[in-house]
């Protein structure tokens, strides 16, 4: 009986420690918790599983995040983060584009970075649901810009909704470039907003080539909507070589990875 009570107290202490760390940073890693608590990998993972069952956190690859994290940051804030990495991705992704083709760039700070790289092309048709992407490409002489219909979201400065999805379904693009809120090793590419997820799923059906753009900070980050499995995407463009465990998962899915 004493051993059970002692074990319960130890569990409680570890759980309190984990939740304090979650509140401080909104994310914890298994490695850091092992060091901070001086316990094994198995113990930490068991604690995270227990806390997830209580609805106190959500497990992700290599750690956990707070459950309150259910929406993405505004696009202007996202654009300021990992700015150099987004440029690297854009410079790699632009190599997948050719003259006399049609492409679609969806809303996002990384697709906006790609739009700024399109000045070298001639007779390129760019379709987008993002005002920021359209403005980023407006000065490129060889690029014709088309904006989808839909409802304007004033914070994201993009258009979404049934009309947007219906418009996309009437086209066949040569290549679509899509952003993502998170890359989860088990669930695939994830999003916070249903509007964005539905548009990306429509784009995947209306193109010859499906390309996902994600900097390495998105790896291990989860959201609340599973948008696409790795095997449904042709290429992932990222700024640096993915961790070995992710790369092996990508290899099994058949998705090509292009990195800086």
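Worth pointing out:
- Highest-fluctuation residue, 115, 136, 244 considered, GNM on the chain with Cα pairs under 10 Å: 244
- Cα→Cβ-extended label distance, 7 Å offset, between residue 169 and residue 217, nm: 3.6 nm
- Shape category assigned to the stretch 75-259 from the gyration tensor of Cα positions, a/c cut at 1.5: rounded
- Between residue 152 and residue 226, the simple label model (points 7 Å from Cα in the Cβ direction) yields a spacing of 3.7 nm.
- Among beta bridges that DSSP assigns inside the stretch 119-190, antiparallel share in %, nearest 5: 60 percent
- Taking the DSSP bridge list for the stretch 141-225 and keeping only pairs wholly inside it, about 55 percent are antiparallel.
- Between the helical axis of 2-25 and the longest alpha-carbon principal axis of the chain there is an angle of about 30 degrees.
- Overall form of the stretch 167-235 per C-alpha gyration tensor (a/c, 1.5; a/b vs b/c): prolate
- Least to most buried among 34, 212 (fewest other Cβ within 10 Å first): 34, 212
- Separation between Cα centres of the stretch 110-148 and the stretch 202-243, rounded to whole Å: 21 Å
- Relative to the longest principal axis of the Cα atoms of the chain, the long axis of helix 194-205 makes an angle of roughly 60 degrees.
- Entry note, the chain: the mean residue ellipticity at 222 nm calculated from DSSP H runs of n ≥ 4, each adding -39500 (n - 2.57), is -12000 deg cm²/dmol after division by the residues and rounding to the nearest 500.
- Full-stretch length increase - residue 253, residue 241 - with 0.36 nm per residue and alpha-carbon distance subtracted: 2.6 nm
- Degrees, to the nearest 10: 83-93 long Cα axis against longest axis of the chain: 50 degrees
- Prolate/oblate/rounded label for the stretch 2-66 (Cα gyration tensor, a/c 1.5): prolate
- DSSP bridge pairs, the chain: antiparallel proportion in percent, nearest 5: 40 percent
- For the stretch 168-260, the relative contact order comes to 31 percent (Cα pairs under 8 Å, sequence separation of at least 6).
Here, each number is a calculation from the coordinates, and none is a lab measurement. What you see is a predicted model; the values in this text were computed from it and never measured. Cβ: placed from backbone, ideal geometry, glycine included. Neighbour counts: every protein chain shown.
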